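What follows is calculated from the coordinates using simple rules that are stated; it is not laboratory data. As the structure is a prediction and not an experimental result, all values here were calculated from the model. In this analysis, Cβ positions are derived from the backbone assuming ideal geometry, glycine residues included, and neighbour counts consider all displayed protein chains.
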Amino acid sequence: MEIPAHVEIGSGLQVMHRGFGVVLHPRTVIGNNVTIYHGVTIGRGDVWVPEVASALGGFVIHDDAIICAGAKIICARGSLTIGEGAIVGANAVVTKSVPAGEIWAGCPARRIGTR
């Protein structure tokens, strides 16, 4: 599991399966009672651009969100948020913000239901 020192983590974070393969971008903020499964990546979608020139603002995972195994949350511009109580399905590729209480899955991820 790779968690840079700049990542902000709220209380009650659950990391399943010892966080095997989890990688978080340094500009990530994780709310309270978030669950992250193994193989999750939260990171830049423009890795070919030098870090100083990147337009990435960062990532915010709100309270009670669940990020399922193998999900990839990537962004190249601005900020990407996973809303309060949202679920990102296994192996989903999220490239835009997920509203609160919604369930997203697929590649690219899209809304498949509500919680």
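Key figures for this structure:
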| quantity | calculated |
| --- | --- |
| Cα shape, the range 1-47, gyration tensor, a/c 1.5 rule | oblate |
| Residue-count net charge about residue 75 - beta-carbon cut-off 15 Å; Lys, Arg +1, Asp, Glu -1 | +3 |
| Residues residue 18 and residue 95, FRET efficiency given R0 of 30 Å [Cβ-Cβ distance, rounded to 0.05] | 0.60 |
